[in-house]
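Just so you know, all these numbers are worked out from the coordinates, no wet-lab data involved. Nothing here was measured: the structure is a model prediction, and the numbers come from that model. All Cβ positions, glycine included, derive from the backbone under ideal geometry; neighbour counts span all protein chains shown.
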């Protein structure tokens, strides 16, 4: 009987994690889409130098950082997938959210400094290790988007 209660509690925690995590993820994606629509006029380019016909008045480093964690349910599913191998689909939305959030934060930092575009945009990714498992599992990911903000002359 005690084993059934433990299994029931585990299943309950997994289901709560699934529903809460899915709701939070859905709301975050909605927020990202809205902010991407609002900031679509800000050019973000991977070119290293501005074209010769552009006139730049000012330039400086801009960054955007995002740290996103998996919910317990997706972490559980990823652990099962790791046993058998294959594509870990539960990590893909996590990385997509983190990348898009980092770029949005970088764009906002550029706007806050008066820049009209970002050139030479790059990204760095790092895995945040879980402290409870001595660094052997992933607690989340950090993505840093950075580039050179430029204020273009009109």
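Some observations on this one:
- Take each peptide in 106-117, 58-69, count the other Cβ atoms within 10 Å of every residue, and average; sorted highest first, the result is 106-117, 58-69.
- Computed over the chain, relative contact order equals 32 percent, with contacts defined as Cα pairs under 8 Å that lie 6+ residues apart.
- Using alpha-carbon coordinates, inclination of helix 72-84 to the longest axis of the chain, degrees: 80 degrees
- Restricting attention to the range 2-152, close to 90% of DSSP beta bridges with both partner residues there are antiparallel.
- Compared with the dominant Cα axis of the chain, that is its longest principal axis, helix 91-112 is turned about 30°.
- Principal-axis tilt of helix 2-38 within the chain, Cα atoms, nearest 10 degrees: 10 degrees
- Computed packing ranks the peptides 79-85, 98-104 as 98-104, 79-85, most packed first, by mean other Cβ atoms within 10 Å.
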